[in-house]
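Please read the structure below before turning to the comments.
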Amino acid sequence: MGKMTLEELRAIRSSVKSELAKRDSEGKSIQVIVGMGTCGIAAGAKATLDAFIKEMDAESTIVRQTGCMNHCSSEPTVEIIVPEMPTVIYGNVDVATAKQIVEEHIIGKKLLDNKIIDRL
């Protein structure tokens, strides 16, 4: 790998800062929590986490990870906390389902009943 230019380094820094801002909880009311236990990672939770980070608005939502959620047969699992809505855990959340959760649950305020595995 050759030397990087200052502009390339600045672009990388900007990208990383943007992704880190999505994990900062201060002043954010919506939470997306992705189960990243061993079984979750093996089932593709890293791609699911990346999809939420890409899709979410860093100003209002925190995207973070946690360990096992005890729903191993339904991995990847994602807990969604939205004010004035029930807190739910979705199962088998792939990249396409992550986009659907953002559009329908978080933005549209409608639960995806066919993907809910637990209500808290």
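Observations on the structure shown:
- Unique residue being touching a residue at least 40 places away in the same chain (Cβ under 8 Å), of a type in the set (A, V, I, L, M), open to solvent by 70 Å² or more (accessible area, probe 1.4 Å) and out of contact with any His (no Cβ under 7 Å at 6 or more places or on another chain) when the list is Leu120, Leu9, Leu20: Leu120
- Residue in segment 2-21 that is touching a strand residue (DSSP E or B) at 6+ places or on another chain (Cβ under 8 Å), in a loop (DSSP other than H, G, I, E, B) and modelled with pLDDT under 85 present: no
- Within segment 25-37, restricting attention to residues that are without any contact (Cβ under 8 Å) to a residue 40 or more places away in the chain and of a type outside the set (D, E, K, R), the residue that is least open to solvent (accessible area, probe 1.4 Å) is Gly37.
- The set of residues from segment 38-82 being in a strand (DSSP E or B), open to solvent by less than 20 Å² (accessible area, probe 1.4 Å) and touching a Gly at 6+ places or on another chain (Cβ under 8 Å) comprises just one member, Val78.
- Within segment 90-117, the set of residues being touching a strand residue (DSSP E or B) at 6+ places or on another chain (Cβ under 9 Å), assigned to a helix (DSSP H, G or I) and not hydrophobic (A, V, I, L, M, F, W, C) comprises Thr97, His105, Lys115.
- Residue check, Met85 free of Cβ contacts under 8 Å to residues at least 12 places away in the same chain and assigned to a loop (DSSP other than H, G, I, E, B): no
The values are calculated or read from the model by the stated rules, or taken from the named source; none is laboratory data. All values derive from a computational prediction rather than experimental measurement. Positions of Cβ are backbone-derived with ideal geometry, glycine not excepted, and every protein chain shown enters the neighbour counts. Side chains included, ligands, DNA and RNA excluded: accessible areas come from the protein's heavy atoms. Shrake-Rupley method; radii C 1.70, N 1.55, O 1.52, S 1.80 Å.
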